[in-house]
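The values are calculated or read from the model by the stated rules, or taken from the named source; none is laboratory data. The structure presented is a predicted model; accordingly, all values stated were derived computationally and were not measured. A quick note on method: Cβ atoms are made from the backbone with ideal geometry, for glycine too, and the neighbour counts reach across all protein chains shown.
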C-alpha cells in the first residue's frame, strides 16, 4: 500500500499541540460512509477513500499513544508509530465482517507502539515472548495497584502476587522490575571524570579477525576440492555407499543399503571401509603433491 495519502505525521521537530489541533479537524465518519470507503479501498485501491478513513482515526492513534507516555520516549514518536499501525490496519480491514474500523485498528495501533517501545527502550534485548511483553507493559500498572511504588526490589509477597496475576515465573518478575528500575548508559560515556577512555574501549570483540576468517574459508574450500576429486576415484557403488554412510547428516543404515544394492550388510560395511581408506589415501597423496609443488 502506498502511504503517500497520509497527510498528517509527527516528527520530533513538530509542535505536538498544533498537530493535535489539526487532527481534530478531520470529521468522524458515519457507519455507512466508513463501510463505503473501506470497500472502495479493498476492491479498487482508492487512495482517496483510504485517506478519509485513516485521517478520521488519527485521534484514536494519538489517544492510544498517550497511554504509553510512561516509558520515557517522545510522545511524537509514539504517535507516529501508532499511525503506522493505523496504516497497517487499513490494509487488513474487511468491512464485510460487521464491526467498525476503530475496533479493528486499535489492536494494530497498540501492537505497533509496543513493538517500537520494546526495540527502542533499551539497547539490551529484554525478551520478546508473549509473557515477557505482557510483563513489561503491565508491571508498572500492577505495582501501582498493590502500592509497590518504591524503587528497589519488591517484597516476596508482592513478587508472588504479580507473578500469579500475570502467570509468569517469580524470577522474571524480579528481573523485569530491576531492569525497569535501571537506566541505560551510552558506550561512549567516559569511564570516570579523570579518564580519557570510553566504556566501549574495553569491549573485546571475540569474533575472528578478517585474516583468520579468510584463511579458514580457504582451508575449507581446499578440503572440499580434495574430497570431490578423491570421490571420482571410487566406483559408483563405492561412492554411493560412502556418501550414504559417511557424508549425509542422517546416515543410511546397513540394512537399508543391503536391500538397495542386493548384498549383505557385512558386504556393505566392507565396501564402506574400503572406500573410506581409498579416500584417505587419495587426499593424503594430494596434500603431499601440493607441498612438493610449493
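For every residue, the table says whether it meets (1) modelled with pLDDT of 70 or more; (2) within 23 Å of residue 67 (Cβ to Cβ).
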| site | (1), (2) |
| --- | --- |
| 118 | yes, yes |
| 125 | no, no |
| 128 | no, yes |
| 133 | yes, yes |
| 165 | yes, yes |
| 169 | yes, no |
| 176 | yes, yes |
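Table: residues versus (1) modelled with pLDDT of 90 or more; (2) within 32 Å of the chain's Cα centre (by Cα); (3) outside the structural domain of residue 89 (by TED's automatic domain parsing).
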site	(1), (2), (3)
13	no, yes, no
22	yes, no, no
26	yes, no, no
34	yes, no, no
41	yes, yes, no
45	yes, yes, no
48	yes, no, no
- Residue within region 51-66 that is more than 18 Å from residue 107 (Cα to Cα) and within 32 Å of the chain's Cα centre (by Cα) present: yes
- Across region 243-272, what is the number of residues that are under 46 Å from the mean Cα position of the chain (by Cα) and part of a helix (DSSP H, G or I)? 11
